[in-house]
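Step one of this worksheet: look at the structure below.
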Amino acid sequence: MTVDYYRTAFVKQWKAMLLCFLIVVFAVLLISKQMTPIYQVSVVMQVTPRLSGNRSGVVDAAVTERLMQTEAQLAMSEAVLREVASRFSPMTLDQLVRRVTVTPRNNTQLFEIAVQDASEKRASALANDIARTLLKQQSSLSSQASTQALQQMQQDLDRTQQHIDTLLGQISDAQSKNKKSSVPVASLQGQLSGWQQHYNQLQNEQAQLELLNAQNSQLFQIVQFAQPGGHLIRPNIPLNLLASLPVALSLSILLALVLEAKSTYVRTPEALSQLLQWPVLAPLWRIPDVIDRQELVHLPDNEASNTESYRLLRANLGFSCVDRSLRTLAIISATPGDGRSVIAANLAIAMARVGKNTLLIDADLRHPALHELFEIDSYKMGLSDAILTASTPESNSRRMRAQFLTPLAQGNTLGLPRAPHFSIDAFIYDVGIANLRVMPAGTLPPNPTELLDSRAMQRLFIALEQTDAEIIIFDTPALQGLFDASILAARVDGTLVIVDASCAYKRQLKQLKATLMQAGAHVLGCVMNKVRPGRYESVSYSYIEQPEEEQLEEPPIATTRARVSAASVTRLRMLSATRTPFHVTPVGGRRSARRRS
């Protein structure tokens, strides 16, 4: 897949992409609006660690940091949260754990206890209760530890005092009896001194423990209580919308590529060339507000763009046949209404404008249209009559007479020449345009396929080769369900496929390609008709051409529903013939053949 493929897909599917993008964004907005709002409030607590004079400030900072981390974990402990959850029934411990976060503030002695809840009041109540419960539990634990330590210290003091009292009694007895004791008085006095020192040390430790207990009561304090005015944290609508943009864009691109891959239509020249692997020789722009097909040939509102397109088509046809001659060309399409007759007419006139003797043949023996575009009477002889005339007595058997001559006897078959070597002059008509002659369909036969596939048609091709027409263009019927066009495609030098951009199905185009390949047709390329000018740019070029052609301000054919005036015919004159044109039978009335001297 090339960059052009993606660009074409995005241009074709821009409406679907925009719709998908808006749906995703609005869905995110709607979901965000319907989400339950979650508010967050915080209570701020301060940790005041004990400082001792024998420690440096660095050690104190490390102790403070560890203490804050410890207290943060204690605030999230099960004991604290379970006690709080029990006071906010029916809230469970797991629900409360998911709503509480504890975050120390860097380089401070503060940490925050944040609570998220759908109610601001309940969130603030939970945060304050957690802080109070933490203080109470820590104070209780500290008090219990201090009480136990003081009790143990008091027991040690009592035991020491007993030892001191015992020694004092022994010393007193020894001195009162005024006799030698088994234990010298000096030894007893030494022991007494040791126990007294130990007692004094215990008293100092007891005083320090009481001071430490007093300090521990001020280790935590609530600096800022939580207030109901918390900020909304979910949903964050601006953030959600911003995050949805790349998702919406990705889904839009994916949708465009999927729709392009699954699309059954071919809307652009790039897609057509990629599908059929045939070059698109020229796009023809869609002309709005056209009622009559003759107006399509006239091109009153969009003359410049399509005139340039026919010039481009004429040039590309010449480039496509550099290695081989192109004298006979069939205009083919898959379905009716693709614009074959109009394109064949305008292409023939474009060829005639550059001085080429051009013969345009209406080979659609089912629904002919060229006689209407060029205002040739429908009863005039044409292709079907020429084919019957080309029949020799040997090939013009009973079967041919039964199929063709007998049905045509009711029409204008009188005076048909029956010579084996005949001239086609009686079947082609001057339409008032230099270098252009037209052979209409003639009398409509009952079996067009057999007529086109007959030996007489082969003889007609031989007769056409003997004319001085430089280019012979066949307007054929639609290929869908018929074999007429494939028969002609196998006999001409080149085939030009017309595709209607407004109703081109991939399946039909693939069938068309398979049919032409099976018939052995030499396909020169495609013309995409009715392309919307708004999607693709149309570029106008300036040409330095013959003065006669520069003066032509109107398209090649100027026919309307009313019969054209003499001034219109004069305005539609083409280039003068560069060689002697072949002999034709002029159409009666004002469309008589005119030759320039």
(message) Being surrounded by 17 or more Cβ atoms within 10 Å (Cβ to Cβ), modelled with pLDDT under 85 and in a helix (DSSP H, G or I) is true for just one of 138, 144, 148. Which residue is that?
(response) 138
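Of the residues that make up segment 490-512, is at least one among the hydroxyl-bearing types (Ser, Thr, Tyr) and modelled with pLDDT under 90? Explain how you work it out, then say what you get.
Step one: filter segment 490-512 for residues among the hydroxyl-bearing types (Ser, Thr, Tyr), giving 495, 502, 505.
Right, trim to modelled with pLDDT under 90 and you get 502, 505.
Yes; the residues of segment 490-512 include at least one that is among the hydroxyl-bearing types (Ser, Thr, Tyr) and modelled with pLDDT under 90.
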(message) Looking at segment 470-484 only, could you name the residues that are at pLDDT 90 or above and not acidic (Asp, Glu)?
(response) 471, 472, 473, 474, 476, 477, 478
(message) The conditions are (1) of a type in the set (Gly, Ala, Ser); (2) part of a loop (DSSP other than H, G, I, E, B); (3) at pLDDT 90 or above, and residue 423 fails exactly one of them. Which is it?
(response) (3)
(request) Go over the candidates 328, 335, 358 one by one and state the one that is under 17 Å from residue 452 (Cβ atoms), in contact (Cβ under 8 Å) with a residue 12 or more places away in the chain and among the hydroxyl-bearing types (Ser, Thr, Tyr). (result) 328
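Select, from 467, 389, 406, 449, the only residue that is out of contact with any Gly (no Cβ under 7 Å at 6 or more places or on another chain), at pLDDT below 80 and assigned by TED's automatic domain parsing to the domain that holds residue 344. I'd like the intermediate steps shown before the answer.
Values: 467 fails: at pLDDT below 80; 389 fails: at pLDDT below 80; 449 fails: at pLDDT below 80.
Among 467, 389, 406, 449, only 406 is out of contact with any Gly (no Cβ under 7 Å at 6 or more places or on another chain), at pLDDT below 80 and assigned by TED's automatic domain parsing to the domain that holds residue 344.
Taking the condition of being among the polar types (S, T, N, Q), touching a helix residue (DSSP H, G or I) at 6+ places or on another chain (Cβ under 9 Å) and surrounded by fewer than 18 Cβ atoms within 10 Å (Cβ to Cβ), how many residues in segment 506-524 meet it? Break it down into steps so the answer makes sense when it comes.
Step one: of segment 506-524, the residues among the polar types (S, T, N, Q) are 508, 511, 515, 518.
So of that shortlist, the ones also touching a helix residue (DSSP H, G or I) at 6+ places or on another chain (Cβ under 9 Å) come out as 515, 518.
Subsequent filtering for residues that are surrounded by fewer than 18 Cβ atoms within 10 Å (Cβ to Cβ) retains 518.
Number satisfying all stated conditions: 1.
Let's see how each residue does on (1) hydroxyl-bearing (Ser, Thr, Tyr); (2) in a helix (DSSP H, G or I); (3) within 26 Å of residue 352 (Cα to Cα):
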site: 449; (1), (2), (3): yes, yes, no
site: 456; (1), (2), (3): no, yes, no
site: 462; (1), (2), (3): no, yes, yes
site: 467; (1), (2), (3): yes, no, yes
(request) Go through (1) at pLDDT 90 or above; (2) within 51 Å of the chain's Cα centre (by Cα) one by one and return the number of the condition residue 457 breaks. (result) (2)
(message) Show the residue pairs meeting these rules: Cβ distance below 7 Å; 6+ apart or different chains; first residue within segment 93-114 and more than 11 Å from residue 81 (Cβ to Cβ) and free of Cβ contacts under 8 Å to residues at least 40 places away in the same chain; second residue among the small types (Gly, Ala, Ser) and not in a helix (DSSP H, G or I).
(response) 101/114; 103/114
(message) Condition first: over 60 Å from the mean Cα position of the chain (by Cα) and small (Gly, Ala, Ser). Now tell me which residues in segment 119-170 satisfy that.
(response) 139, 140, 142, 143, 145, 146, 149, 169
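Mind checking which helices (runs of 4 or more DSSP H) fall wholly inside segment 39-125 and carry at least 1 residues that are surrounded by fewer than 19 Cβ atoms within 10 Å (Cβ to Cβ) and modelled with pLDDT under 85? It would help to see each step written out before you state the result.
Working: elements: 57-75, 78-86, 93-99.
By residue number, 57-75.
Tally the residues that are of a type in the set (Val, Ile, Thr) and without any contact (Cβ under 8 Å) to a residue 12 or more places away in the chain, restricting the search to segment 485-531.
Of segment 485-531, the ones of a type in the set (Val, Ile, Thr) are 487, 492, 495, 497-499, 515, 523, 527, 531.
Right, trim to without any contact (Cβ under 8 Å) to a residue 12 or more places away in the chain and you get none.
Total satisfying the criteria: 0.
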(request) Name the one entry in 201, 208 that is modelled with pLDDT of 80 or more and either part of a strand (DSSP E or B) or of a type in the set (S, T, N, Q) (or both). (result) 201
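The values are calculated or read from the model by the stated rules, or taken from the named source; none is laboratory data. All figures in this text were calculated on a predicted structure; none of them were measured in a lab. Neighbour counts are summed over all protein chains in view; Cβ atoms, including those assigned to glycine, are modelled from backbone coordinates with ideal geometry.
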